[in-house]
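Novice: Have a look at this one before I ask anything.
Derivation of every value follows stated rules applied to the coordinates shown; laboratory data play no part. Since we're looking at a predicted model, the values are computed, not measured. In this analysis, Cβ positions are derived from the backbone assuming ideal geometry, glycine residues included, and neighbour counts consider all displayed protein chains.
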Amino acid sequence: MNNFKLSRNQDAYPTIRGFTYQVKITILRWLDLKSEEILELECGEDIDYICENYRKLEQIKHRNKRITLNSDCSKEAVFNYYNHLKTNRSNNIKFLFITNANVTKEKRSNYLKELSGIDLWNEMNSFKLEKDHIQIGIQQIKNTIINYKKIKSDKNALFTQWKLEIKKKNITFWKKFILNFEWLTNFNSFNEIDELLKSKIKDKYVSSNADTVYNKLFVYVFSILSKQGKKTLNIDDLVGIMQKELSEQDKEIFLKFCEFDSKLKIISDRICKIENKGLLSKNRLKELCKINLEEYKNEISFNASKIIERNEYIEEFNSLIYDESIIFLKSYSGFGKSTLAFQILSKYINSGKIGIRVHQNTIENNSVLLSNLVLNELKR
């Protein structure tokens, strides 16, 4: 029964982590409320902040990789905001996209000041862009959006119609659209946000027992998000929950999340160390190879050269290595790229002539696979 094969990935790790991150940011917004302000949850977006003058729709995304203006989550956010404006013409609607992810530049982009699309957008949003550059910036963002391809969603029919509509919008519309849409990227990570919340609880409400108060707020937000119907939070609710005692059942729920959190922190720390070493110098590579070969020599029971013959490629590599050029190993899954890299590095480990650069996408994809693997081991 140990050779069971998966027909699809059933791991709920990204979903649970994303939902938990949403709960934490909801608490953060709740702690910042004033007496006349309200939060509505899972209404327009994940969080709707409502004050006298406007409603701000906040979409929360936890991501393991960097984003651009062309990322699927970015496309969907822009698309959603337009539709909210269309169905609420008489209301003052703003939009905030929140993510832990960093921003990176788009491929083949040519935005002003060599910025990424999102950074250019935020410069305009915060009035940091010079006046004579505003028109150019608006046009560049507009061009990116009207050239969006399909989104990974069941809304593609609406998306196609939306693209036809936005092409006709004038510069006044686009200026207002950009000014009322804010990108909050590189926000507190999954683990950092806990300390921020406890610090805010201490500063604004209680000088001691911040951990206990945080537990109460977490369980309360988690419980109302799990129920159907209208979900609202205000300052009176906050004070009331702080004064209540947690039931035994609620304590058990929170402890389960803490246990999950601690496992994810261990994995996250290890993955960060791996990702930060994406670029290895030839000396560091040589050192790591020797350490690993020594540590695992009793566990390695295969000769990589006998798994897949790659001699013809090694010979080709021999003719290229002295040209001081960059050599890419790129092919379909299962071709044997890793085996070939192993053979090449084994041959040249003592020459000091080569180093290795792992592609960022490879690091990110393998980090997710690694986290899934470790989580599965922890569940046993």
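Novice: When 162, 121, 30 are ordered from fewest to most other Cβ atoms inside 10 Å of their Cβ, what list results?
Specialist: Arranged by neighbour count, lowest to highest, 162, 121, 30 become 162, 30, 121.
Novice: Separate question: Taking +1 at the Cβ of each Lys and Arg and -1 at the Cβ of each Asp and Glu, which of 209, 173, 187 sits farthest along the dipole of the stretch 165-218 towards its positive end, judged by Cα position relative to the Cα centre?
Specialist: Checked the options; the winner is 173.
Novice: Would you mind checking 142/204; 61/200; 61/86 for any pair whose Cα atoms are more than 31 angstrom apart?
Specialist: Pairs exceeding 31 Å: 142/204.
Novice: What order, most packed first, do the peptides 97-104, 193-200, 166-173 have when packing is the mean number of other Cβ atoms within 10 Å of each residue?
Specialist: 97-104, 193-200, 166-173
Novice: Considering only the other residues whose Cβ falls under 13 Å of the Cβ of residue 208, what net charge follows from Lys and Arg at +1 and Asp and Glu at -1?
Specialist: With Lys, Arg at +1 and Asp, Glu at -1, the neighbours total 0.
Novice: Place +1 on the Cβ of every Lys and Arg and -1 on the Cβ of every Asp and Glu in the stretch 54-173, take the dipole about the Cα centre, and give the residue among 54, 85, 124 whose Cα lies farthest towards its positive end.
Specialist: Value: 85.
Novice: Could you list which residues have their amide H under 5 Å from that of residue 231, counting only those 5 or more apart in sequence or on another chain, with H placed in the peptide plane?
Specialist: 41
Novice: Quick one: Karplus J couplings for the stretch 94-104, per residue in order, coefficients 6.51, -1.76, 1.60, θ = phi - 60°, nearest Hz, x for Gly and Pro?
Specialist: 10, 9, 10, 9, 10, 8, 6, 6, 7, 9, 10
Novice: Skipping prolines and chain starts, which residues have an amide H placed within reach, meaning under 5 Å, of the one on residue 94, given they are 5 or more residues away or on another chain?
Specialist: 55, 56, 57
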